[in-house]
1. If I ask for residues that are exposed (fewer than 12 other Cβ atoms within 10 Å of the Cβ) and within 17 Å of residue 145 (Cβ to Cβ), which ones from region 60-87 would you list?
2. Looking at residue 260 and the list (1) modelled with pLDDT of 95 or more; (2) more than 30 Å from residue 175 (Cα to Cα), which single condition is not satisfied?
3. If you check 259, 223, which single one turns out to be outside the structural domain of residue 289 (by TED's automatic domain parsing) and at negative phi?
4. What pairs come up if the first residue lies in region 248-277 and is over 18 Å from residue 360 (Cβ atoms), the second is part of a helix (DSSP H, G or I) and within 16 Å of the ligand (Cβ to nearest atom), and their beta carbons are under 8 Å apart, counting only those six or more places apart or on different chains?
5. Would you tally the residues in region 129-144 being at pLDDT below 95 and closer than 23 Å to residue 46 by Cα?
6. In region 239-353, which helices (runs of 4 or more DSSP H) lie fully inside it and hold 2 or more residues that are within 16 Å of the ligand (Cβ to nearest atom)?
Ligand SMILES: *[C@@H]1O[C@H](CO)[C@@H](O)[C@H](O)[C@H]1NC(C)=O
């Protein structure tokens, strides 16, 4: 059994090191066998809600009779158990809700999507739409435990704020904890932890960020200049509406913590996908070109490029290479149909140089105008010509 647990955990992206020597200070947690995940039912769910700061519930189909599927179910359970163990000294409860046996509880709690994980904090429900691995889940829950608004008080914190270019961020300048600040805080709770909210009460910080009193700025990922939310002071609804309208960025990074949400937010059934390893010189260069293109097109609501750094998803890399017939050691950009994963990729194989921002923009224009069906045909014809040449 121990052996099975170990191999299961390895498959879940946990790095297990079997320690043979006496050194201390680096030890990955190993499931200790203690049951911490509750079987939530009608009798205990209210108490569980009251008892913890956070309650994390996995809503699942009845346990299958099939052995293989059972194993899969046990793996999910193990992820939850290990997460619960690692976060044992935080005030977080974990539970499983069976869609059949606990249908009533599920209805009362508003659980809808089977296979989803729901986190209850105060009177809010946050759906976790990320990769179900212990690493990702622990990070996510720690973020949810934090205050939804982070204060920026000094130049060092401003610099850290300015470096977070991959995140959607809002920052507001307020006199103190008055009603305008509270409206901002209420708005932040609706987006925690996916969209980051910052505030300052400090005049020097506000001046550095060109913020007026009661003003809120919105930073789209990878953009240099923020957008200023119209109107001042702002109500909670003003902020919520603005964020909802602007949250799909022109260039967005795929992340484990909300990868499914991002993927489901497609553009009429397709995604423009760019693969680039930031740590690789070519990948870095390509990413800089992508950022230029995104900055030039930030006001185009039709354009949203999903950037995937293969380094972030080691378990998916070979799957993508096979599905899209790509070499992910090189930067790639293409269009993916999310229904059948059919795809067309920009041909960069013969060039030593990466495309320029202009070339990339021309290609994207072709894609957005629907000419990608035509590009697809050209690709097929080119391949045929190459094949007949080599005969
Ligand atoms: C994506 O694929 C589906 C199924 O093959 C097809 O019906 C649909 O038209 C395609 N979408 C686009 C935008 O081409």
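The values are calculated or read from the model by the stated rules, or taken from the named source; none is laboratory data. Small disclaimer: the values here were computed from a predicted structure and weren't measured. With ideal geometry, Cβ positions are generated from the backbone for all residues, glycine too; neighbour counts draw on all protein chains shown.
1. Passing the criteria: none in range.
2. Checking residue 260 against (1) modelled with pLDDT of 95 or more; (2) more than 30 Å from residue 175 (Cα to Cα), the one that fails is (1).
3. One residue alone meets the criteria, 223.
4. Partner pairs satisfying both residue conditions: 254/263.
5. Within region 129-144, residues that are at pLDDT below 95 and closer than 23 Å to residue 46 by Cα number 0.
6. Hits in region 239-353: 259-264, 317-324.
Rundown of residues vs (1) more than 16 Å from residue 335 (Cβ to Cβ); (2) surrounded by 17 or more Cβ atoms within 10 Å (Cβ to Cβ), yes/no style:
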| site | (1), (2) |
| --- | --- |
| 254 | no, yes |
| 259 | yes, yes |
| 264 | yes, no |
| 273 | no, yes |
| 279 | yes, no |
| 284 | yes, no |
| 287 | yes, yes |
| 299 | yes, no |
